[in-house]
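Bear in mind these aren't lab numbers, they're just calculated from the coordinates by the rules spelled out. Here the structure is a predicted model, which means the values were calculated and not measured. All Cβ positions, glycine included, derive from the backbone under ideal geometry; neighbour counts span all protein chains shown.
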Amino acid sequence: MAKQTHRGFSTLAIHAGQEPEPLTGAVSVPIYATSTYVQDELGKPRLGYEYARVTNPTRDRLQESLAALEGGASSRVFASGMAAINAICTMMKAGDHLVCSHNVYGGVPRLFNQILTNYGLEFAYVDTSNLRAVEKAIRKNTRYVYVETPTNPLMTISDIAAICDLAHRRRAEVIVDNTFMSPYFQRPIELGADMVVHSTTKFLNGHSDGLGGVVVCTKAEQAEQLAFIQKSAGAIMSPFECWLVLRGVKTLGVRMQRHDENGRRIAEYLVGHKKVKAVFYPGLSNHPQHELARKQMSGFGSMITFETGSLGNAKRLLKKCKGTLSLGESLGGVETLISHPATMTHAALGEKGRRAIGITDGMVRISVGIEDVEDIIADLDVALSAI
Ligand SMILES: Cc1ncc(COP(=O)(O)O)c(C=O)c1O
């Protein structure tokens, strides 16, 4: 592939890895729907492609695109965000330790506690917005510090640069889950992160029509190991889903701008609504890490959590969601998605686990879409009137 000369974010989003296909000039990257590749003679595969679990041209293009967008050296894509996170963990050895933000997507501690501890991997959970807690948790055998910022669903911010400093002094690597902000608003590698992970299912794809995950690497060894894991464990992203993400990222910049605009308006609306007891959004000046958010992110995004006061109130509100408000798991699509963390994304933590990190039964999370914001407000008005 030709070396990139374009630098602006949206230019990269449209062109990096997405150059016209050389054979026909197709401007859209073709979906190479093939399981194998013909060889001209024994041991001489054309262009190095042998078998689609190992390499696929559509996947190569997406890996190039996402590495460029995050400012990494390379990237590896997987069948889902969880497959990407699991792939990172398979680079660990029995006895290795990982320090994890205590408030992350619920599927992450489920993978760590219920599967990977069986293989001798060790995990500690700390409030990564508290640097002293991170410092205390790092041990001699700590291989990775895993940070989700903003956290899901409480929107707590961790200081990526400070955590990288701390971890690097102790020879641990830092992985940042950048799913909520996308590389448009948050640049973990520029802040020192060693790897960035995304559920591409969310903002990168952006259209709620494909599942995927990516690990963006800063070092050749990481990419080599992860390519070996793709080949050996096989949880790769399909060519069709790679194409969906390639198509999705072309509009990432404009989508994120609109998500952010709508997110700010909806957060203000919720703050002013008498039935809403608290609003968690880093763009609000009373958010505990508002200043850090301003320093570390170039926008606040569209993920907002608010407190309705009780499970009953949350249920009544969610039952009245109509029009632009779709009740469902997931986030980051063009459509507004509304969910209930306690029974959906964070059910696996159990009541005690949720209480420990401050997730209540009355919390509702909203992933504000890019519809006309007046319509979202009108639909929220109706839903909130049910409380
Ligand atoms: C922040 C975050 N990271 C990772 C994941 C896991 O991604 P996937 O659902 O694509 O496996 C999710 C899923 O909701 C998420 O919200």
query: For the stretch 201-312, what's the relative contact order in percent, using C-alpha pairs closer than 8 Å and at least 6 residues apart?
result: 24 percent
field: Over 18 Å (Cα to Cα) - which of 275/320; 277/322; 277/315; 275/315 fall in this group
entry: 277/322
- line: Dividing the alpha-carbon radius of gyration of the chain by 2.2 N^0.38 Å, where N counts its residues, gives 0.99
- prompt: Hey, in the GNM for the chain with a 10 angstrom Cα cutoff, which one of 23, 12, 191 fluctuates hardest?
  reply: 23
Helix axis angle, 160-169 relative to the chain longest principal axis, alpha carbon, degrees: 60 degrees
query: Rounded if a/c is under 1.5, else prolate if a/b is larger than b/c, else oblate: which is the stretch 162-227, with a ≥ b ≥ c the root eigenvalues of its Cα gyration tensor?
result: oblate
statement: With the 8 Å Cα cutoff and a minimum separation of six or more residues, the stretch 255-375 has a relative contact order in percent of 30 percent
- request: Quote the relative contact order of the chain in percent (integer), defining contacts as alpha-carbon pairs under 8 Å separated by 6+ residues.
  value: 17 percent
- prompt: Which residue, 263, 107, 206, tops the fluctuation ranking in a GNM of the chain built on C-alpha contacts under 10 Å?
  reply: 107
message: Angle check, please: helix 373-384 long axis (alpha carbons) against the longest principal axis of the chain (alpha carbons), in degrees 0 to 90, nearest 10.
response: 50 degrees
Test item: Cα-centred dipole of the stretch 21-75, Lys/Arg +1 and Asp/Glu -1 on Cβ, debye: 100 debye
- line: Scan of the chain for trypsin sites (Lys or Arg not before Pro) in DSSP loops with at most 10 other beta-carbon atoms within 10 Å gives a longest site-free stretch of 8-139
query: Hey, which lysines would be in cross-link range of residue 140, C-alpha to C-alpha under 17 Å, not counting anything within fewer than 8 residues on its own chain?
result: 93
- request: Among 331, 284, 42, determine the one that fluctuates most according to a GNM of the chain built with springs between C-alpha atoms less than 10 Å apart.
  value: 42
statement: Amide H proximity to residue 345 below 5 Å, modelled H, separation 5+ or other chain, gives 340
message: What does the net charge come to around residue 85 if you take all other residues with beta carbon closer than 13 Å to its beta carbon, with K and R at +1 and D and E at -1?
response: 0
query: Roughly what angle does helix 239-249 make with the longest principal axis of the chain, taking Cα atoms, 0 to 90 degrees, to the nearest 10?
result: 60 degrees
field: Calculated [θ] (222 nm, deg cm²/dmol) that DSSP helices of n ≥ 4 give over the chain, each run adding -39,500 (n - 2.57)
entry: -10500 deg cm²/dmol
